[in-house]
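Trainee: Before anything else, here's the structure in question.
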Amino acid sequence: MLHGSSQSAESYDIGSGWSTLADECGVALLFPGQRMTNNLLGSFNWFETGDNQRNGGEPLSIRQMIKQVVDNHAVDPSRIFITGLSSGGAMTSVMLATYPKVFAGGAIIAGLPYRSADNMMEALVRMNGYGSPSDHKLDALVRGASNSTGPWPTISVWHGGSDGTVDSSNADSIVGQWQKINNVEGPNTGGEGRQLSQTGLVRHGRKGCDRAIYYRGNVPRHADQC
């Protein structure tokens, strides 16, 4: 569970209610927390080259935390899931791309595509909905992030349609990034500036199982401001 900017692991846990649900369902949770010394806003550095690659930086640190939880609590390694909000959603994209064999699935909430930005300036531009790489480029970035040839994790994308902090076009780009990889059928989402108008869109993989779910709700603000 990866928190958003200006949040802590503790506040995200309280606000999300995940621990209450985990107690009811009997699952183990991990809430990695960003240090202010790494980012003054408390954001995960999903846009930094040293922190969006496999086997280094923040992705490696999170991967090591996951391994420790799996080892200490006898967690089934085939049933590990990841989710994140805002910068945590963007870092969820990073983790799914760089360590795809670790996760059965992931939910990206108000996040951004993997490596849609490689520095702070690009990150701010992408957050405002400008200059996103093409679906073809985004697809190639995921394929080049690890040596995996599949199977790939199931992806769920959630974004407020009126989000004023991270433009909802980023959700469309995330869908485009994972569509071909997961053999998800559906119309070509095109390139920059496209909009998926459907609410509660479910796209099916070629084998008939749900591989990608996209939901755009009528949320007036960025999720971590509510």
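Trainee: With charges only on Cβ, +1 for K and R and -1 for D and E, what is the dipole size of segment 75-176 about its Cα centre, in debye, rounded to 20?
Mentor: The calculation lands at about 280 debye.
Trainee: Ok, one more. Please compute the length gained on full extension between SER162 and SER78, using 0.36 nm multiplied by the number of residues separating them and subtracting their Cα-Cα distance.
Mentor: Length difference between fully extended and current span is 26.7 nm.
Trainee: What per residue convex hull volume, in Å³, comes out for segment 1-101 when only alpha-carbon positions are used?
Mentor: Hull volume over Cα atoms, normalised by residue count, gives 92 Å³.
Trainee: Taking Cα centroids, how far is segment 105-138 from segment 39-79 in Å?
Mentor: So the two Cα centres are separated by 19 Å.
Trainee: Please give the FRET efficiency for MET65 paired with ARG143, using the beta carbon to beta carbon distance and R0 = 30 Å, rounded to the nearest 0.05.
Mentor: 0.70
Throughout, read-outs are computed from the coordinates displayed, never taken from laboratory work. Just so you know, these numbers come straight off a predicted model, no measurement behind them. Methodologically, a virtual Cβ is constructed for each residue, glycine included, from the backbone with ideal geometry; neighbour enumeration extends over all protein chains shown.
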